[in-house]
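Take a look at the structure set out below.
The values are calculated or read from the model by the stated rules, or taken from the named source; none is laboratory data. Just so it is clear, the structure is predicted and the values come from calculations on it, not from any experiment. Cβ coordinates were reconstructed from backbone atoms using ideal geometry, including for glycine residues, and neighbour counts include every protein chain displayed. Remember, those area values only see protein heavy atoms, side chains included, never the ligands or the DNA or RNA. Shrake-Rupley method; radii C 1.70, N 1.55, O 1.52, S 1.80 Å.
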Amino acid sequence: MELVGSPLTATYAHPRSTPAKFLPAISTMASSYKNRFPYYPLPQSFSLPWMPSTYYKTAAVNPTLAPFSKSSQGLAPSKMLPFVSNRTTLFTRYTPDDWYRSNLTNYKESETSRHNAERLRVDTSRMIQDKYQQTKKTQVENTKNLGERVNDIEFWKSELCRELDEMIGETNALTDMKKRLERALAETEAPLQVAQECLLHREKRMGIDLVHDDVEKQLFTEVDVIRSCQERMQQYLDKAKAQLASNRAAQHELERDLVNKQAAYRIDDKCHHLRNTSDGISYYRGVERVDATISVPESWAKFTDDNILRSQSERVASAKLRDNIENLLVVTANEMWRQFNRVNVAFTNRIAETADAKSKIQTHLAKTLQEIFQIEMNIEAIRKAIRDKGPPLKVAQTRLDERTRRPNVELCRDTAQLRLVNEVHEIDETIQSLQQRLRDAEDMLQMLVHAKSVLEHDLAVKANSLFIDQEKCMGMRKTFPSTARLVGYV
């Protein structure tokens, strides 16, 4: 079994070395226990009983210590004996001379301390008075500075309030103008729809009346004018929305700056009225080392001044935009009214032309019908005349046929025979001429019937055109938004 430890009073324990910085030695005697035995540190993972002898008797084994240094590696285990050294003698640390010198030193230090304390008291009284005056002066100056600061904040706060009121008024005025513009833009939809419906209705004209007349040109112009007005209105409406956004942004900056100014005014005014006897004062350790400032007086004043200048610039732009919108509403209303009147005049002229054409067609149709009646009567007369030539032709041909039965020499080409032949030829020619005249009359009747059909169709076309222009289109165009509506007042 291995020997692994011992109690504090074991004879083989090595004493601790004396620290280097210690009081001077009081004796020149050399310690009898120094450097007597080499020191061998023991492992700390083992434990020994309180008395080694007891352990030895119980274990009945002679343990040996393992070598811990190079000098002890070659020694036999039997030669490595435990340390046997018990310190029983007390040694003195100081001499009487040291004791007297120590007392004298303490006396001198006491006198020096009292002298220094007296001088310190005098200096302290003077310093207290000086610091009191300095602190009072500094506090008065800071109070004055705070008062000036409060006055500055009050000035800028009043400027912000005035500019904010003017900006709010301008924003409200621009908002009202924008609403007027929106109402005017909405009012243009009805005239545009009427113009487009007129164009669609006029597409239902028939035949030759599908003409690109002045009415259609003016209607296309009216559609272009209304759309041009709508585009300009929409552009200015977008500008008004953007300007309102800019106004509100500037107003927001003014309001935020005003809120900050009001908060700063309350804080600085409270600080200005704080006194040494005021309630609510307290210690705030280290607050003087906290530098939370982000501006200097120049940048502070410039920030508010820039906000006011920005607001003024936006107000000027807003007022100019309102004037432009007002002029735009007047100009667009006049343009649409002028074009509306041009279209109505063109419709009136076209309706008059169509009505005149219809009247003339009706006159020609009546004459054509009369002529058709006359030609039909003529055809009947020709047919009757042809029928009337049948009996004389039959008589003449019968006579010739009967005379062919005359016997022999009686078949004489006498005057009667010649006249009968001439009569037959004459009647045939008459019938042929009458038939030719009948064909001509029938052709003429067909032409008259075709002309009648054309006139009737044209009359229907003109009646349809008149109905479209006069009833449908002009019926829709009886009303037009008033100027007050076109400029957005209603």
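Accessible area of HIS272 (1.4 Å probe, protein heavy atoms only, ligands and nucleic acids ignored): about 50 Å². Candidate cross-link partners of LYS179 among the lysines, defined by an alpha-carbon separation under 19 Å and a same-chain spacing of 8 or more, comprise LYS239, LYS241, LYS320. Here r is the Cβ-Cβ distance between ILE294 and ASP176 and R0 is 35 Å; the resulting FRET efficiency, rounded to 0.05, is 0.30. Hey, which of these cross-link pairs are over 28 Å Cα-Cα: LYS204/LYS358; LYS367/LYS472; LYS178/LYS472? Flagged as over cut-off: LYS367/LYS472; LYS178/LYS472.
Taking only protein heavy atoms and a 1.4 Å probe, the accessible area of region 357-487 is 54% carbon and sulfur.
Show which lysines lie in cross-link reach of LYS136 when reach means a straight Cα distance below 25 angstrom and same-chain residues fewer than eight apart are skipped. Partners within reach: LYS144, LYS270.
Label-to-label distance, ALA317 versus SER125, with points set 7 angstrom from Cα along the beta-carbon direction: 7.3 nm. To put it simply, the accessible area of region 230-281 at a 1.4 Å probe is 50 percent carbon and sulfur. A 1.4 Å probe run over the protein chains yields, for region 297-368, 54 Å² of accessible area per residue, whole-number rounding. Summing charges over all other residues whose Cβ lies under 12 Å from the Cβ of TYR489, with Lys and Arg as +1 and Asp and Glu as -1, gives +1. Could you estimate the translational diffusion coefficient of region 357-487 from the Stokes-Einstein equation, with Rh from the Kirkwood formula over C-alpha pairs, at 10 °C and 1.306 mPa s, in whole µm²/s? Estimated via Stokes-Einstein, D reaches 78 µm²/s. Straight-distance candidates among the lysines for linking to LYS360, with alpha-carbon spacing under 19 Å and chain neighbours fewer than 8 residues away dropped: LYS452, LYS462.
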